[in-house]
Amino acid sequence: MEHICVVGLGYIGLPTAVTLTLGGFSVCGADIQPAVVETLRAGRAPVAEPGLDEALAAALASGRLTFTCETPEADAFIITVQTPHLTQSDGVRCADLRFVESAARDVAARLKPGNLVVLESTVPPGTCRRLEAWLAAGSGLAEDEFHVAHCPERVIPGRILRELAENDRIVGARTEAAAHLACGLYRRVATGGRLRVTDDITAEMCKLVENTFRDVNIAYANELSRVAERLGIDVFRLIELANCHPRVNILSPGVGVGGHCIAVDPWFIHGLFPDDTPLIAAARHVNDQKPLLVADAVQRRLAPGARVCVLGLAYKPDIDDLRESPSLALCRALRARGVPVAACEPYAAAAAVDDFDNVPLDAALSYDFLVLAVGHTLFKERRADIAARPHYDCTGVLSDNS
Ligand SMILES: NC(=O)c1ccc[n+]([C@@H]2O[C@H](COP(=O)([O-])OP(=O)(O)OC[C@H]3O[C@@H](n4cnc5c(N)ncnc54)[C@H](O)[C@@H]3O)[C@@H](O)[C@H]2O)c1
């Protein structure tokens, strides 16, 4: 397993390709977007991630990393394409596996006996079995002539390169041979973490239950924030005090839950087992509703005609990822209530995001009312300036003296 093809060069695929290259493999990264491939060939990373520019430069300098739009032949293929959710005709949301299926088709066209295909994308249970079938149908090989494993990616944006090396990895496979090959590959790069081998379905579920655990716990915190608003007490202080108990660990409320993982993955379980998972669906609804409740709370505090600036559109601090952004949902909700609203997202270069003006922080400070939606470091550093303006804090940053 010396020649690796990483299929999909987004937030996960690119750092993975770079890490594998620096671990000594020859890597070809494939992406269907020509603009992504061109940017990478010019030595620039299309996604912002600490340390990635330097690591990319080192990987390219090694001569072992190339980029292409066409999936090439390889010893092992690592699929890291996106897995969004879609709403079915009955209204239940589930995983959209079109990107995985299309990546499988591309890999199948190159598949040779003995190859390993690792699915890193987050998927519902049973997807690896479907992947095997897609690969067999597309390649003409029998399912026992190639190997499939699922190694779900569990890194967090902002620490991806570090966690790729340090995190424990789940290696799930239907056969021992596939698990053995996948372990051989990851052992060379996951140098600080343990490889934990299991079957493919447990591995698929493991990633989903981790994110669902967080979604449910955050929903509890968000629900508490509603009660605290009614009681006129500070929810962050309430949770801080409750967490002093040795067996309580409530997560933090916020403007909502966003991103490609926590706001999406719970649907992959609920979509398959809707009758068995009412708690998971309830948590999703609580978290999806939160931006609307923040809009109500802000509106109650506004003087007539006041202009609002929402500070932070990314789904978490210090990253540029706006997918499933609850702050954007808040902006839309405020506009729908007739409130003039702009945004301040220092990680987005554009002058407007989703039709909302994106202003620098100094300009934002002249708005009548500020909503602190994301705890970016830049905002923490200007905490006093923000707190001096009429504001609503979704993050707890302004009451946190640490
Ligand atoms: N972003 C995260 O923080 C994170 C963390 C853990 C797990 N994950 C999971 O990892 C997977 C990838 O997420 P991401 O954030 O990197 O997605 P992304 O959208 O940033 O990147 C996916 C890339 O795959 C490319 N692609 C799609 N179909 C392709 C094909 N057939 N061939 C080649 N390229 C193709 C797209 O053009 C895109 O560049 C998802 O399943 C996600 O849930 C993401």
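Assorted remarks:
- Of residues in the range 90-117 being open to solvent by 60 Å² or more (accessible area, probe 1.4 Å) and free of Cβ contacts under 8 Å to residues at least 12 places away in the same chain, the one nearest to the chain's Cα centre (by Cα): R98
- Number of residues in the range 361-400 that are within 20 Å of R332 (Cβ to Cβ), loosely packed, with under 15 Cβ neighbours inside 10 Å and of a type in the set (A, V, I, L, M) equals 0.
- Filter result (more than 10 Å from the ligand (Cβ to nearest atom) and either aliphatic (A, V, I, L, M) or touching a strand residue (DSSP E or B) at 6+ places or on another chain (Cβ under 6 Å) (or both)) within the range 98-120: A108, A109, L111, L116, V117, V118
- Those helices (runs of 4 or more DSSP H) lying entirely in the range 356-402 with at least 2 residues out of contact with any strand residue (DSSP E or B) (no Cβ under 8 Å at 6 or more places or on another chain) and not assigned by TED's automatic domain parsing to the domain that holds D318: none
- Residues located in the range 184-197, provided they are surrounded by fewer than 16 Cβ atoms within 10 Å (Cβ to Cβ) and either polar (S, T, N, Q) or not in a helix (DSSP H, G or I) (or both): R188, T191, G192, R194, R196
- Residues of the range 289-304 that turn out to be open to solvent by 60 Å² or more (accessible area, probe 1.4 Å) and either closer than 19 Å to L251 by Cβ or in contact (Cβ under 8 Å) with a residue 24 or more places away in the chain (or both), as a count: 5
- Hits in the range 233-255 - residues which are more than 15 Å from D393 (Cβ to Cβ) and not polar (S, T, N, Q): L241, A242, C244, H245, P246, R247, V248, I250, L251
To keep it simple, each residue is scored yes or no on (1) touching an Asp or Glu at 6+ places or on another chain (Cβ under 9 Å); (2) more than 20 Å from P266 (Cα to Cα); (3) not hydroxyl-bearing (S, T, Y).
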| residue | (1), (2), (3) |
| --- | --- |
| F99 | no, no, yes |
| A108 | no, yes, yes |
| P113 | yes, yes, yes |
| T122 | yes, no, no |
| P152 | yes, no, yes |
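- Within the range 121-154, the set of residues being near the ligand (Cβ under 9 Å from one of its atoms) and open to solvent by 20 Å² or more (accessible area, probe 1.4 Å) comprises R154 only.
- Only listed residue being among the polar types (S, T, N, Q) and either open to solvent by 30 Å² or more (accessible area, probe 1.4 Å) or more than 9 Å from the ligand (Cβ to nearest atom) (or both), chosen from T87, T80, T71: T87
- Test: G312 is on the phi > 0 side of the Ramachandran plot, at pLDDT 95 or above and open to solvent by less than 50 Å² (accessible area, probe 1.4 Å): yes
- Near pairs, Cβ below 8 angstrom, 6+ apart or cross-chain, from the range 333-344 (at pLDDT 95 or above) to any residue that is of a type in the set (S, T, Y) and open to solvent by 10 Å² or more (accessible area, probe 1.4 Å): A342/Y367
- Check on P253, farther than 25 Å from H391 by Cβ and open to solvent by 10 Å² or more (accessible area, probe 1.4 Å): no
- Applying the condition of being over 19 Å from the mean Cα position of the chain (by Cα) and crowded, with 16+ Cβ neighbours inside 10 Å to the range 49-67 and asking which residue is farthest from the ligand (Cβ to nearest atom) yields R64.
- Residue ID - nearest to L302 (Cα to Cα), chosen from residues in the range 334-360 that are open to solvent by 10 Å² or more (accessible area, probe 1.4 Å) and touching a helix residue (DSSP H, G or I) at 6+ places or on another chain (Cβ under 7 Å): V339
The values are calculated or read from the model by the stated rules, or taken from the named source; none is laboratory data. Please read all numbers here as calculations on a predicted model, not as lab measurements. Because the Cβ atoms are built from the backbone with ideal geometry, glycine has one as well, and the counts that use them run over all protein chains shown. Side chains are part of the model used for accessible areas, which takes the heavy atoms of the whole protein and leaves out ligands, DNA and RNA. Shrake-Rupley method; radii C 1.70, N 1.55, O 1.52, S 1.80 Å.
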